[in-house]
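Novice: One structure, pasted below without further comment.
Laboratory data are not the source of any read-out in this text; all were calculated from the coordinates shown. Predicted model, so just to flag it, every value in this text is computed and none were measured. Every residue, glycine as well, gets a Cβ built from its backbone with ideal geometry; the counts of neighbours run over all protein chains shown.
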Amino acid sequence: ALDAEAQSAPTASNYSLMGRIADRLENAHQAPGVVEFLRARYGSPNIVARVSADFIESNSERAVDDTRPVSEVILGTQQRGTARTVGTITVRPTANAQRAELIATLRGTSTGANVGTRSLGRNTLVINSTSDSTLEARKRLFLTPSGIESCPTTTEACTRSTILSICAPRLLSRLVTKQVYKSKPEAEAIAASRLERRTSDSFDEQFADAVAENRASMQDEVRSPLQRLDAAPRQWRSWTTNQAMMLEALQANGEQLGAPSAHPELDATADIAMALHQTGINNLAEAVFGGKRVTDRQVAEWVEVGSGDLPRELRIAQDNRWAIVFAPYQPITVEFGDGTLTARLRGTSFERAEETLNELIEISATYAVVRTEQGVRLTRQGDVEVTFPGREQLNIERRGIRTFMQEKFQALFPEERETEGIRFPGRFADRAPLKLAQFELQGGWLSLSWQQTEPLAADETEGEVALSTN
């Protein structure tokens with residue numbers, strides 16, 4: 001009966017109750033058929049994302065322009081000079097059904113001007129030359145739950161040299177010149193091989209820092225906090241095609257369920273597309289906020305950071321401080337209807353000044369969602385509702401709390417809110433922003449997609465990178 005109700009009315013309450021039932025039956029080794037049924041029926045990934053190959057490539061593009069001194073010995077001749085490497089680094093996915101794989105590629109040229117010297121008895125042979133090399137370095141990168149993993153770089157280079165002059169003793173000039181030109185192909189092969197090694201070593205060194213930083217960040221900022229909260233995804237998978245990188249996760253712990261159905265089809269024409277089932281958000285919120293005490297100051301800080309502004313109603317009043325203790329189950333939930341979004345908060349204790357009320361309280365707001373030219377407009381349907389489940393009649397104390405909380409949460413859930421495009425943070429701030437192309441709510445799913453608003457100009461993509469080649 002509960003399963004049928006969840007199918008017809010997929011509320012957060014139904015999902016939460018069925019998840020706890022499945023967990024308790026499983027721990028008690030009872031009704032394995034029921035447990036298996038619930039895990040299978042509500043076990044689909046609830047977070048899915050797609051990032052196009054063209055988007056990854058265009059936003060990862062970096063120019064390389066690096067000049068370095070050169071000092072090496074080739075076939076007994078000491079070569080000194082400079083080498084300038086110019087090229088472009090890009091990252092693009094490649095087909096891998098087992099895990100997401102990206103190829104970082106440096107394509108470029110290296111030009112050099114060298115003076116070669118070699119002892120000829122009491123005399124010195126001097127060779128002035130230039131070199132032109134083409135090179136391509138490739139590094140395989142893999143996306144894993146622990147962060148990025150990488151393989152050693154492989155580089156292919158081809159060098160062609162031009163001899164400008166040969167200075168040798170007159171008696172040996174013809175013989176030496178003949179030997180120099182005869183050994184030229186071998187010298188070019190050696191120079192190309194050494195350029196390959198230097199380029200690979202430099203590419204590996206550059207990526208080693210980035211990979212180490214990424215893995216440390218994933219461990220410290222994502223995996224460890226989620227594991228402490230028992231909120232690590234039950235399933236996580238990534239894969240790539242030549243057209244896109246795909247990610248999917250089942251955000252649920254042992255007491256929680258996933259989506260009851262496969263995700264809606266993602267927009268294959270978008271730069272970024274994703275589908276979120278309400279269980280993904282609700283399960284994570286339960287792990288993070290369940291049973292936690294949140295003060296007025298924390299709420300004010302979150303609102304100010306998120307919106308850049310703090311409404312008057314949420315400013316701290318030292319003589320009227322307040323706090324709420326979230327319920328252990330379903331503390332913060334969302335429900336995605338057909339074109340509507342309902343947000344609900346549940347607390348088991350409310351504090352105001354010196355008074356405390358230990359009773360279940362629910363605060364909710366429902367929004368109608370409409371697409372706009374720039375994003376979406378959310379319009380609240382009616383007032384913010386503050387209720388005490390199970391109580392039809394409220395005494396003076398509870399009516400006062402309801403009025404107080406409505407005032408606070410009317411500001412947290414404003415009558416209307418509009419979203420615009422997404423801008424990149426940090427060193428990607430000069431990238432063209434992402435414009436919302438899709439925002440659909442249906443059957444518990446939120447489908448989103450974005451397009452980059454304009455082609456990237458050349459001067460926006462050319463952040464120069466130094467590449468060591470000595």
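Novice: Could you compute Rg(Cα) / (2.2 N^0.38 Å) for the chain, with N its residue count?
Specialist: Numbers: Rg = 31.6 Å, N = 470, 2.2 N^0.38 = 22.8 Å.
Ratio of Cα Rg to 2.2 N^0.38 Å: 1.39.
Novice: For TYR15, TYR181, what ranking results if the residue with the fewest other Cβ atoms within 10 Å of its Cβ goes first?
Specialist: Ranking TYR15, TYR181 by Cβ neighbours within 10 Å, fewest first, gives TYR181, TYR15.
Novice: Find the all-direction average of the projected area of the Cα convex hull for the range 52-218, expressing the result in square nanometres with one decimal place.
Specialist: 11.6
Novice: Oh, and also: Could you work out the mean projected area of the convex hull around the alpha carbons of the range 197-312, in square nanometres to one decimal?
Specialist: 12.0
Novice: Which of ASP267, ASP230 has the fewest other C-beta atoms within 10 Å, and how do the rest follow up to the most?
Specialist: Starting with the residue having the fewest Cβ neighbours, the order is ASP230, ASP267.
Novice: What whole number of Å gives the distance from the Cα centroid of the range 80-121 to the Cα centroid of the range 328-399?
Specialist: 58
Novice: Just rank HIS277, HIS29, fewest to most, by other beta-carbon atoms within 10 angstrom.
Specialist: HIS29, HIS277
Novice: How much length would be gained if the chain were fully extended between ARG174 and PHE388, taking 0.36 nm per residue of separation minus their Cα-Cα distance, in nm to one decimal?
Specialist: Working: separation 214, 0.36 × 214 = 77.04 nm, distance 10.32 nm.
Gain on stretching ARG174 to PHE388: 66.7 nm.
Novice: As a test of the formula, what do you get for the chain when each DSSP H run with n ≥ 4 contributes -39,500 (n - 2.57) and the sum is divided by the residue count, at 222 nm and rounded to the nearest 500 deg cm²/dmol? Display every interim value, and only then the final one.
Specialist: Working: 10 runs with 136 residues, N = 470.
Here the helix-only value at 222 nm equals -9500 deg cm²/dmol.
Novice: When the Cα centres of the range 255-307 and the range 220-245 are compared, how far apart do they sit, in Å?
Specialist: Taking the Cα centre of each part, the range 255-307 and the range 220-245 sit 14 Å apart.
Novice: Hey, another quick one. Quick check for you: which residues of the range 278-295 have the amide N under 16 Å from the point 7 Å beyond the Cα of ARG417 toward its beta carbon?
Specialist: From the range 278-295, the list is 281-282, 285.
Novice: Quick one: length gained pulling ALA189 to ASP220 fully straight, 0.36 nm per residue minus the C-alpha distance?
Specialist: Separation in residues times 0.36 nm, less the Cα-Cα distance, equals 6.6 nm.
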